[in-house]
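Take a look at the structure set out below.
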Amino acid sequence: MPAHVCTARCCGFAAGRHGFSLVELLVVLFVIVLMTSLATLNVGDGGQQQEIESQARELRNVAEFALEEAQMAGRDMGLVLAVDPRGEATRYVYEWRELRPEGWRSPVLARDVLAPRTLAAGVELALLLDDVSAVEFLPAPIAADAAPQVIFYASGEMSPGALEWRHTASSVLLWRLEWDLLGRMALLPRGEADDADDLR
């Protein structure tokens, strides 16, 4: 009798137990894959945003250094911006120049600071200058004697303007580097850059 009761209880326990159906397992797996994909996309996008921000800040810092260098050396400095369509994605590059008696040439001093740079893919640059209606980028590679679009005068002045970073696919404004006649620079992130653009 006890053995029979035990068997009945065991059978009852087994009958009341439910497992996952194939459909339920597939739904759970789909949700896991979806969440993993979204997390990967967000991390990748965040990494790109950090890279763009880092490069924008570096350009501002080096531009401020170039303006100081122009005043100290008594020699005009310049920023050359170019577009490089070679490769899988279009990229923008920039180099620095100084005005010598023979014309615009690569800087002799502080070559490590004023070294050429290649910007992150996935962005589109727009250069806006007050005294020029449309500023075009040079083709890369940049010629050794290429004249710069942005000039840092030895007097400490600059032609007022701005450089904008926009998302290639959506044209959303990501960053905006502005400077005035006295060379005062401001790097505005998305939101602040939009507000500044609305005021114009």
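So if I place +1 on the C-beta of Lys and Arg and -1 on the C-beta of Asp and Glu, and nothing else carries charge, what would the dipole magnitude of the stretch 24-199 be about its Cα centre? I want it in debye, nearest 20. Each step should come with its number before you reach the end.
Values: 14 positive and 29 negative charges, 109 e Å.
Dipole of the stretch 24-199, to the nearest 20 debye: 520 debye.
For the stretch 52-100, what does the alpha-carbon gyration tensor say about shape, rounded, prolate or oblate, given a ≥ b ≥ c as the root eigenvalues, a/c under 1.5 as rounded, and a/b over b/c as prolate?
Oblate.
Could you tell me which of rounded, prolate or oblate describes the stretch 87-171, using a ≥ b ≥ c as the square roots of the eigenvalues of the alpha-carbon gyration tensor, with rounded for a/c under 1.5 and, failing that, prolate when a/b is larger than b/c and oblate otherwise?
Oblate is the answer for the stretch 87-171, as a/c is 1.5 or above yet b/c matches or exceeds a/b.
Once fully extended, how much extra length lies between SER21 and THR118, figured as 0.36 nm per residue of separation less the alpha-carbon to alpha-carbon distance?
My answer for the length gained is 29.6 nm.
For VAL108 paired with PHE30, estimate the spin-label separation in nm (one decimal), with each label point 7 Å from Cα along the Cα-to-Cβ line.
If labels sit at VAL108 and PHE30, their model points lie 7.0 nm apart.
What shape does the stretch 24-199 take by its C-alpha gyration tensor, where a ≥ b ≥ c are the square roots of the eigenvalues and a/c under 1.5 counts as rounded, a/b above b/c as prolate, and the rest as oblate?
Prolate shape, in that a/c is at least 1.5 and a/b is the bigger ratio.
Output the relative contact order of the stretch 24-199, whole-number percent, from Cα pairs under 8 angstrom with separation of 6+ residues.
Contact order relative to length: 21 percent.
Any read-out appearing in this document is the output of simple, stated calculations on the displayed coordinates, not a laboratory observation. Bear in mind that the values here come from a model prediction, so they are computed numbers and not experimental data. Note that we place each Cβ from the backbone using ideal geometry, even for glycine, and neighbour counts take in every protein chain shown.
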